[in-house]
Structures are given as C-alpha cells and as structure tokens.
1. Counting pairs of alpha carbon atoms under 8 Å apart in space and at least six apart in sequence, what relative contact order in percent does the range 7-275 give?
2. Residue by residue through the range 240-252, what is 3J(HN,Hα) from phi via Karplus (6.51 cos²θ - 1.76 cosθ + 1.60, θ = phi - 60°)? Round to whole Hz and write x for glycine and proline.
3. Going highest first, how would you order 32-45, 260-273, 229-242 by mean Cβ packing within 10 Å?
4. Taking H placed 1.01 Å from N in the peptide plane, check which residues at least 5 places from SER149 or on another chain put their amide H under 5 Å from its amide H.
5. Taking R0 as 35 Å, what FRET efficiency do you get between SER225 and SER30 from their Cβ-Cβ distance, rounded to the nearest 0.05?
6. Give me a comma-separated list of calculated 3J(HN,Hα) values for the range 63-79, in order, Karplus coefficients 6.51, -1.76, 1.60 applied at θ = phi - 60°, integers in Hz, x for any Gly or Pro.
7. Could you give me the ³J(HN,Hα) list for the range 83-97, computed from phi with Karplus coefficients 6.51, -1.76, 1.60 and θ = phi - 60°, whole Hz, x at Gly and Pro?
8. If all Cα-Cα distances of the chain are sorted into 5 Å bins from 0 onward, what percent lands in each bin, rounded to whole numbers?
Amino acid sequence: MAAEPDYDALRRIAKDLRRDIVLMIAAAGSGHPGGSLSAIDFITYLYFHRLRIDPSRPDWGERDRFVLSKGHCVPALYAALARRGYFPRDVLWTLRDIESPLQGHPDMRKTTGVDMTSGSLGQGFSCAAGMALGLKLQRKDCRVYVMLSDAELQEGVVWEAAMAARHYGLDNLIAFIDNNRLQTDGFTAEVMDPSPIVEKWRSFGWEAWEVDGHDFREIHAAVESSQARRGAPHMIVGRTVKGKGIRSMENRVEWHALGKPLAPAETERLLAELERT
C-alpha cells in the first residue's frame, strides 16, 4: 500500500501543469486544450505519487509504464514529463514544431519518457494490454497504467483488448477513463453513447470504480483498491470536466481542439482565469 499523498502539493502541481498546457498550446498555435485539462489530475497523481519510475533511467526495465491512449491530449503528458525531469521545460514551447521531439501525438522514438506511441484511438489501449501481458510472462512486478477518453470507447478495438485483458487475468493493468462527456463533434451521448460505462466494464470481467476525476482523494482510494485485488484488470472511470480549471473553457466543445492560434491577450485572459481557481 502506497503512502498517503500530499494532496495540497498535488493540487499545486496540477495547477502549474495546467498553466504549462495553455502556454505550450498557445506557442504551437494548435493542440487539444480541453481534454488535456480534464486529464491532468489523473496524470499528476500518477507521475507525482504513484508511478515507480526513474527519470535518470527512462528505459529502466523494472519501471511502471504509462500509455496515453487518448494521444491527442499529449500536452498533459509532456507537461508532467518536463516537471519530472525527463527533458527541460523550455522544450515544451516547441510543441508540434516539425523538428521538435514533442509531436502532436506521443512518439516513443522521439520523446524521452514516452512508453508507447499512440494516436489512433483504441490502439494505445491494446498496446497497454500487450505490455501488461509481456510483463506477466517475464514475471516482472511492474504495472501498466493507461488512459482512454470516453469517446474512445466507440472504437471496437477497445472491447477486443478488454476481453483479452480479462482472459489473461492482467491484474497488473490499471486503466483510467477521462469521462468528460465531450468529443470533437459534440456530446458523446449524442454522437455514440458509451454509457453505462462502469457496468459495461464489469460485464467484461473487469474490476471497475467510478470517481470524481478531479478529486485526488477519490483517485487515490480507487487506485489503492485496484492494487489490493488480484486476478482481473482494473478500470477507474473519472467524472471530469472538459477544460477543467478555466471557467470559460469548461464544458465547451469548441475547446476540444484549438481551431486558430491564441492571441497573446487571449492567452493572458485564460491564464488569469486559471489563477482565480
């Protein structure tokens, strides 16, 4: 059982990472701010409390792995990796530049600290299941953590991997769903409703919990429960808010992807909103 987190410290870190997400997307002139901001609390918890990692040895064989299957929200991952010391923070401002190691989706060949390339929705999750199986076969005491979006559940490959993970008893696989209820075309319930999400995963033989995806105490309790149970993979469904932390972005589908570069005044306004939260 892991030690109790410093919840105040995690909240401060998450706010700092939200700031970096806005700044790097503003610098790039494109990106996916809404889903990056909704996912950052899960990522903060993992990288600053839970994961067994060593930034000085990014290829350490005994490390835990993290796969961002919703790869379009990679600014959240880059912000965490920079703060953990995988690469200098200044590199964040090169996001999406053709010569940058920080591309618009995770690329394990280019970016130190990225464990799996992803982007085509559903495939990162399948890779995570394969990684967990490989670690099991090697009898390694490592865990694989993976994050999906709610709209990603519309992909059939997700459910093939879900069946395989249960079939092989991958209790070293812990998945998170960033259930912010919005995707590029509108509300997920209107495009292709994935609900009831928890019940679906339980019906596939997974241990499943639902939490407030912005409450570190609830996240910690669910992960602790998952670590204590053996024999089945684990799913933690987080109720989250698209654009969390910036009131004018919250629950607004137009902030799924940035359609035009942010003017400096707009960037400052968004950062000022964040400071007030």
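Laboratory data are not the source of any read-out in this text; all were calculated from the coordinates shown. This structure is a prediction, so every number in the text was calculated from the model and none was measured. Cβ atoms come from the backbone with ideal geometry, glycine included; neighbour counts cover every protein chain shown.
1. Contact order relative to length: 23 percent.
2. Taking θ as phi minus 60°, the curve returns 10, 10, 4, x, 3, x, 10, 3, 6, 9, 5, 6, 10 Hz for the range 240-252.
3. Numbers: 32-45: 27.8, 260-273: 13.8, 229-242: 20.7.
Top of the packing list down: 32-45, 229-242, 260-273.
4. Excluding prolines and chain starts, which carry no amide H, the hits are LYS70, ASP178.
5. On the way: r = 39 Å, r/R0 = 1.10.
So the FRET efficiency works out to roughly 0.35.
6. 6, 6, 10, 10, 10, 8, 5, 7, x, 5, 9, 5, x, 5, 5, 4, 4
7. Taking θ as phi minus 60°, the curve returns 5, 6, x, 6, 7, x, 4, 4, 5, 4, 7, 9, 2, 6, 5 Hz for the range 83-97.
8. Answer for the chain: a P(r) of 1, 6, 13, 18, 20, 18, 13, 7, 3, 1, 0 percent.
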